[in-house]
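Everything on this sheet refers to the single structure shown next.
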Amino acid sequence: METLAISINETAKALGVGRSSVYALIKSGGLVAIKIGRRTLLTTESIKKLAQIRTSL
């Protein structure tokens, strides 16, 4: 089964940016975050879409 969501730290590492940049992307709507309890997870679909947008610029 494909991973549907990953943590803030894993997202930052995958994108090669810092945690504060990930939070800024969430706030701007560039990444879709879901809360499960106290954890914030990012959908892998939104990460892939962001990466495709960035590489096509």
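The values are calculated or read from the model by the stated rules, or taken from the named source; none is laboratory data. All values derive from a computational prediction rather than experimental measurement. Please note: Cβ atoms are built from the backbone with ideal geometry, for glycine as well, and neighbour counts cover all protein chains shown. Keep in mind that these areas ignore ligands, DNA and RNA; they rest on the heavy atoms of the full protein, side chains included. Shrake-Rupley method; radii C 1.70, N 1.55, O 1.52, S 1.80 Å.
When the test is whether a residue is touching a residue at least 24 places away in the same chain (Cβ under 8 Å), touching a strand residue (DSSP E or B) at 6+ places or on another chain (Cβ under 8 Å) and either among the hydrophobic types (A, V, I, L, M, F, W, C) or surrounded by 13 or more Cβ atoms within 10 Å (Cβ to Cβ) (or both), L4 passes it.
Looking only at segment 9-29, decide whether some residue is at negative phi, touching a strand residue (DSSP E or B) at 6+ places or on another chain (Cβ under 8 Å), open to solvent by 70 Å² or more (accessible area, probe 1.4 Å) and part of a strand (DSSP E or B). The answer is no; no qualifying residue exists.
Within segment 30-53, being surrounded by 11 or more Cβ atoms within 10 Å (Cβ to Cβ) and part of a loop (DSSP other than H, G, I, E, B) holds for G30, L31, V32.
Scanning segment 22-57 for residues that are of a type in the set (S, T, Y) and in contact (Cβ under 8 Å) with a residue 24 or more places away in the chain yields T40, T43, T44.
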